[in-house]
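Enquirer: Here you go, one structure.
The values are calculated or read from the model by the stated rules, or taken from the named source; none is laboratory data. None of the values given here were measured: they were computed from a predicted structure. Using ideal geometry, Cβ is built from the backbone for each residue, glycine included, and neighbour counts are taken over all protein chains shown.
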Amino acid sequence: MTTAQLLTLSHPCLGRCGVTYRLAMPTESQLSDTALRTFIAQRLDEGRLPLVLTKTIGVGFGSGAECLACGQTITTDQIEYQAFGPKYGAALRLHWGCHVLWQLECVKRTRPHS
């Protein structure tokens, strides 16, 4: 992940315990990262990412898993998307920005050209 903004979230108890989390959120510049878009397109071409629009997504703190889209670790200060679907079995774990770029590429490839 490249440039990020920090997002502060309260603990699930709505902040009554005083615990907050600081998370790195991708910025617009990451979403326009040409190299990352190309890398994700290549992973789709190779079959390492499925060509499918996700219908069920789990969102949470990074688990330390590898992002299937960019290959980097999803750290605990980043948002991790877990995409579920019958076509690809186990949940796919991706950074928030990587998930967005993957889905944009899937839309581009699956929608009829006008």
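Enquirer: Being in contact with a Lys or Arg (Cβ under 9 Å, 6 or more places away or on another chain) and not in a helix (DSSP H, G or I) is the filter here; which residues of segment 29-59 pass it?
Expert: Listed by number, the residues that qualify are LEU49, PRO50, LEU51, VAL52.
Enquirer: A follow-up question, please. Take segment 60-90 and flag every residue that is in a strand (DSSP E or B), of a type outside the set (S, T, N, Q) and farther than 18 Å from LEU104 by Cα.
Expert: If we filter segment 60-90 for residues that are in a strand (DSSP E or B), which is where we start, we get 60-61, 66, 73, 78-84.
Those still in the list that are of a type outside the set (S, T, N, Q) too: 60-61, 66, 79-81, 83-84.
Result: GLY60, PHE61, GLU66, ILE79.
Enquirer: For segment 91-111, which residues satisfy the criterion of being in a strand (DSSP E or B) and in contact with a Pro (Cβ under 9 Å, 6 or more places away or on another chain)? First the steps, then the outcome.
Expert: Pass one, segment 91-111, residues in a strand (DSSP E or B): 92-95.
LEU92, HIS95, listed by residue number.
Enquirer: What pairs come out if I take residues in segment 100-113 that are farther than 14 Å from GLN42 by Cβ and pair them with residues that are polar (S, T, N, Q) and modelled with pLDDT under 95 whose C-beta lies under 7 Å away, six or more apart or interchain?
Expert: GLN103/THR54
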